[in-house]
Amino acid sequence: MSNSKPSPLPPGTLIGGYRVVRRVAAGGFGVIYLAMGADDQQVAIKEYLPASLVTREPGQLLPHVAPEKLSLYRLGLKSFFEEGRSLAQISHPSVVSVLNFFRENETVYMVTNFLEGSSLQDFIVVARNIRPVKVFRESTIRSLFDEILRGLRIVHQHKMLHLDIKPANIFITDDNKAVLIDFGAAREVLSKEGNFIRPMYTPGFAAPEMYRRDTTMGPWTDIYAIGACMFACIHGYPPNDAPQRAPEDKTLQTLKRLQGVYSDDLLEIVKWCMALDPQKRPQTVFALQKELNRTGARRFTQLTMADKVKLQLGSVVESTKKTVNKVTEIGKYF
């Protein structure tokens with residue numbers, strides 16, 4: 001049996017009445033396919049297929065699970081199925097719609113609407129190259145996250161957590177809707193069982209409590225990730241990993257440098273969301289929404305001309321450093 005990643009289902013495979021067209025994406029916990037339903041409707045199908053627990057040879061349908069990993073595989077399978085059942089009860093334009101979920105080939109498949117557009121991560125990469133100082137307009141950031149928070153609030157009301165909010169999991173559709181995708185309940189269950197120690201979080205966007213097993217997670221955990229996503233929208237790059245922020249918090253230094261570029265109100269909201277102490281963050285999405293939507297004039301720190309020059313030079317220096325690092329990295333292969 002090969003040690004490589006499990007092979008995806010080949011195009012043309014029929015599962016649950018759907019025909020697989022092609023693989024769209026693959027991660028550590030599953031594979032996403034574009035498929036066609038009986039009415040020729042395009043759908044996305046996510047297959048539970050944790051790469052660290054299973055293998056599958058090309059052309060096969062059934063995943064192979066080693067006996068010592070079987071209990072852990074089944075635990076994640078149960079969580080994935082329950083996640084699909086819970087998401088199917090949620091109907092909100094900012095949350096991916098689960099159309100169906102079923103068991104087949106000794107695993108579980110989740111069928112969702114197929115979204116056309118790009119992820120927020122794609123937009124950030126493009127925007128930071130065009131506008132290195134002010135990546136997104138503040139009005140755009142407030143509008144975008146107001147939309148996302150409306151959906152996340154419904155998710156939390158259903159006693160669910162997303163647990164993997166990041167720009168790559170915020171999808172901007174071609175008709176300008178922001179949608180939360182790729183929930184991480186199965187990842188979280190697996191991360192807390194046995195000796196399964198592979199990373200279950202996305203560095204930079206995972207709250208400090210996700211790195212530990214002795215802390216409680218709740219809405220404040222997703223709220224940290226929301227703050228980190230807003231940080232990425234104003235800075236162009238993710239914040240430092242939570243464990244790295246404790247000795248010297250460069251995230252707060254970056255926010256301070258952005259004073260005068262974005263309103264103090266917005267920067268304070270980001271700082272609030274990203275507090276390392278869970279109790280010092282907004283405890284509910286509603287509390288965060290109130291601050292984000294607060295009416296009135298935005299407060300801006302008044303910058304001196306020297307400050308403005310330093311800000312511009314700092315942006316140029318940072319851009320140059322990233323270019324040098326990229327060239328150095330590329331040079332390793334020549």
Given (1) closer than 30 Å to residue 76 by Cβ; (2) small (Gly, Ala, Ser); (3) part of a helix (DSSP H, G or I), residue 118 misses just (3)
Scanning segment 234-285 for residues that are acidic (Asp, Glu) and within 22 Å of residue 121 (Cβ to Cβ) gives 241
Checked segment 205-218 for anything surrounded by fewer than 21 Cβ atoms within 10 Å (Cβ to Cβ) and out of contact with any Leu (no Cβ under 6 Å at 6 or more places or on another chain); matches are 209, 211, 212, 213, 214, 215, 216, 217, 218
- Task: For segment 77-87, state whether one or more residues are touching a strand residue (DSSP E or B) at 6+ places or on another chain (Cβ under 6 Å), part of a helix (DSSP H, G or I), of a type in the set (Phe, Trp, Tyr) and surrounded by 15 or more Cβ atoms within 10 Å (Cβ to Cβ).
- Result: yes
Residue 164 vs (1) surrounded by 22 or more Cβ atoms within 10 Å (Cβ to Cβ); (2) at pLDDT 85 or above; (3) outside any loop (DSSP other than H, G, I, E, B); (4) not β-branched (Val, Ile, Thr): all pass except (3)
Listed by first then second residue, the pairs whose first member lies in segment 204-232 and is of a type in the set (S, T, N, Q) and outside any helix (DSSP H, G or I), whose partner is surrounded by fewer than 24 Cβ atoms within 10 Å (Cβ to Cβ) and at pLDDT 95 or above, with beta carbons under 9 Å and at least 6 positions apart or on separate chains, are 215/278; 216/278
When segment 261-270 is checked residue by residue, the ones that are surrounded by fewer than 19 Cβ atoms within 10 Å (Cβ to Cβ) and without any contact (Cβ under 8 Å) to a residue 40 or more places away in the chain are 264, 265, 268
Filtering segment 61-76 down to residues that are under 18 Å from residue 31 (Cα atoms) and either touching a Pro at 6+ places or on another chain (Cβ under 9 Å) or charged (D, E, K, R) (or both) yields 63, 64, 73, 74, 76
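The values are calculated or read from the model by the stated rules, or taken from the named source; none is laboratory data. None of these values were measured; they are calculated from a predicted model. Don't worry about glycine lacking a Cβ; one is built from the backbone with ideal geometry, like all the others, and counts go over all protein chains shown.
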